[in-house]
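The values are calculated or read from the model by the stated rules, or taken from the named source; none is laboratory data. All of these numbers come straight from a predicted model, not from anything done at the bench. So basically every Cβ, Gly included, is an ideal-geometry build from the backbone, and we count neighbours across all protein chains shown.
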Amino acid sequence: MKKILRSGYTTGTCAAAAAKGAALMLVRQALVSEVAIELPTGDSATFPLHGQTFTESSAACFVIKDAGDDPDVTNGAELHASVRRNPPRPPFAKGGSQISIEGGIGIGKVTKPGLAVPPGQWAINPVPRRMIEQAVDEVVSEFTIKQASFNIVISIPDGELRANKTLNARLGIIGGLSILGTTGIVRPISAKAWTDTIDAALDVARACGCQNVVLSTGRSSELAAQKYLVDLPEEAYIMMGDHVFYALQACAKRGFMQPVLACQFAKLLKIACGHPNTHAAASELDLDTLRGWSEAAGLSPGIISIISQANTAREIAIVSGFEAGLMRLVAGHAVRAAALHAPGIEAKPLLCGYDGGVVVSSGDHNVGMRKECCNEK
């Protein structure tokens, strides 16, 4: 029987729950063990609170993030919130209390344009910020002194350490994690977190003035591309993982019409075969198709024999010595497949070897992209 995967909650939801819990303790001057908050979807969720403390003017607690069955770097993180009431000072605010939100330990700050939050601000995205404001506003409305102001600080004690396992620094988020979420819920084994990162990275690249981008399927290929295309800024490098055609379509939406595809031969063949996702579980390499292409192109009997006897694409590349004609053939099919999934795109494959370098055939602009193909400034 197939296991039903369990959903979890975003950092934004957990931060809002912690903030509401702290606000309740401040208002009631009593410990609170759990809180319920409304999610952007209209559903509600209840969260146990930990580390509760309060005084006459402030309160704090934290919620432990449960990402469900989704592999999430923030799973198990402590989302802390402190709420402090400041004494009212004239001129009094009209229409109720004022609420300010800022980041504390483990929350990143934005340093590059193109993200949902402008440079210089805490990396607390708009939807989580609204959730925190609404959750606290529901509580502080019980105060008889409506003109008071309330300062909310969100923190994650080990957030900076966890952020080292993310692409935050590449995106220009320095010093910790982001507070994210649009629905409040984390769907298990969802690709959305990755595709959201692709979108954010492309927005940063555009905002930083990049003329083109390099889409990499993995870190090894990205490192090879960075050594080869030495003059490109770091914002131009986008880690797309297996989400090739999503990344290509996202490039087209932003006007990056000649993205470089940095990948090794096995991934390049998957792209050429038209698979929208290059994960092993999402596509199967069809070496028979490669053999058919090679026969139709009139490649040598030796190459046909290597393909016929091979078990993997990597084996074909290595045994053939990355034979130029074969590499050109697969790169050409990859270019055409990319254009089918993202009309108008003219992808530029950059074939990376298994030794950390780039496979370049003299005069071959489909396989080894020269720097001029990147249109860098």
*asked:* So if I check each of Phe62, Phe54, Phe92, which one is in contact with a His (Cβ under 8 Å, 6 or more places away or on another chain) and either aromatic (Phe, Trp, Tyr) or modelled with pLDDT under 95 (or both)?
replied: Phe62
*asked:* I'm told Leu223 meets every condition in (1) part of a loop (DSSP other than H, G, I, E, B); (2) of a type in the set (A, V, I, L, M, F, W, C); (3) surrounded by fewer than 23 Cβ atoms within 10 Å (Cβ to Cβ) except one. Can you identify the failing condition by its number?
replied: (1)
*helices (runs of 4 or more DSSP H) contained in the stretch 245-330 and holding at least 1 residues among the β-branched types (Val, Ile, Thr) and in contact with a Cys (Cβ under 9 Å, 6 or more places away or on another chain)*: 265-272, 287-296
*Does Val63 qualify as being surrounded by 20 or more Cβ atoms within 10 Å (Cβ to Cβ), assigned by TED's automatic domain parsing to the domain that holds Cys14 and either within 13 Å of Gly8 (Cβ to Cβ) or among the polar types (S, T, N, Q) (or both)?*
yes
*For Arg219: the one exception among (1) more than 27 Å from Asn277 (Cβ to Cβ); (2) out of contact with any helix residue (DSSP H, G or I) (no Cβ under 8 Å at 6 or more places or on another chain); (3) not assigned by TED's automatic domain parsing to the domain that holds Gly21*: (1)
*asked:* Within the stretch 297-313, does at least one residue satisfy the condition of being within 32 Å of the chain's Cα centre (by Cα), surrounded by fewer than 16 Cβ atoms within 10 Å (Cβ to Cβ) and closer than 28 Å to Tyr246 by Cα?
replied: yes
*Hey, can you tell me all the residues within the stretch 95-107 that are over 17 Å from Glu133 (Cβ atoms) and either of a type in the set (A, V, I, L, M) or modelled with pLDDT under 60 (or both)?*
Ile105
*asked:* The conditions are (1) surrounded by fewer than 17 Cβ atoms within 10 Å (Cβ to Cβ); (2) among the hydroxyl-bearing types (Ser, Thr, Tyr); (3) part of a loop (DSSP other than H, G, I, E, B), and Thr74 fails exactly one of them. Which is it?
replied: (1)
*Report the residue count in the stretch 253-273 for those that are in contact (Cβ under 8 Å) with a residue 40 or more places away in the chain and over 27 Å from Leu290 (Cβ atoms).*
4
*Meets criteria (at positive phi, in contact (Cβ under 8 Å) with a residue 60 or more places away in the chain and surrounded by fewer than 24 Cβ atoms within 10 Å (Cβ to Cβ)) for Gly209*: yes
